[in-house]
Each structure stands twice: as C-alpha cells, then as structure tokens.
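S.K.: I'd like to ask you about the structure that follows.
A short reminder: the numbers here are calculations on the coordinates, not readings from a lab. Just so it is clear, the model here is predicted, and its values are computed rather than measured. Don't worry about glycine lacking a Cβ; one is built from the backbone with ideal geometry, like all the others, and counts go over all protein chains shown.
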Amino acid sequence: MDSTGPDSEGRTPRARHQAEQDRTELELREALEALAGGVRAAPDAYRTARGDWLRRERRRRLVLVVLIAVVFTLATLIGLWVLNQAPTDPGVIFSGTGGTVASGPLESAGG
C-alpha cells in the first residue's frame, strides 16, 4: 500500500501523524502524573532550604566585609609606608643655608 494515500480508516498521512502525536502526548501526560503523584515533599523542606540560603547569604556578606577591611587596611598601610619613604633631608626651597637678603631694618629711600 502507498504511504502517501489514505489508510484503511480513510486517514491521510497528516491525520495519522497527528493521531500518533496525540497518543504520545496522552501517554506522556499519564506517566508524568503517575510520577508526580508518588512524590511527597518533606514537611520542612522550605524551612530547610530557606535556612541554607540565609546561611550562604550571611557568609557572603561576612566575606565581603572582611575583604573590604583587608583592602582598606592594606591601602592605609601602603599609604603610610609611601609617606614614610619621603626624603628626610630638607628640600632646596627650605634649605636654610643661604644668607638673609636684608640683615637690618629697612631704610627709606628718601631720607
């Protein structure tokens, strides 16, 4: 018999394909309903999952606070170390080795 023509019940290939899909969908639905019917959630499953989530969140926040404290401390220590490495000898502007320009009271130009 030709597979492109109607079958013994008078259905076309497209109708046969649709009927197979409907049957497969129905069988799958029944199997999933039977499987889901046998699953029982623990009475305190939500409380346990929420507790685990809160513990992870607290740990995340604690790690973040410690990391921020370490970075702040390191930045402060590095800044203090850099400031401490400044030369101890006075610079050219504040050397104090030159003589004073005017050693006495200023005299007036006219008198």
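S.K.: Given a Förster distance of 35 angstrom, what is the FRET efficiency for V39 paired with T12, based on the Cβ-Cβ distance and rounded to 0.05?
M.R.: 0.30
S.K.: Here is a follow-up. What's the ranking of 52-65, 29-42 by average number of surrounding C-beta atoms within 10 Å, highest first? List each step's numbers first, then the result.
M.R.: Details: 52-65: 10.0, 29-42: 8.5.
Output ranking for 52-65, 29-42: 52-65, 29-42.
S.K.: To continue, here is another question. Using 0.36 nm per residue, how much length does the chain from R47 to T73 gain when fully extended, once their Cα-Cα distance is taken away? Don't skip to the end; give the middle numbers.
M.R.: On the way: separation 26, 0.36 × 26 = 9.36 nm, distance 3.87 nm.
Gain on extension, R47 to T73, equals 5.5 nm.
S.K.: Treat each spin label as a single point 7 Å out from the Cα along the C-beta direction, and report the Q85 to Q21 distance in nm.
M.R.: 7.3 nm
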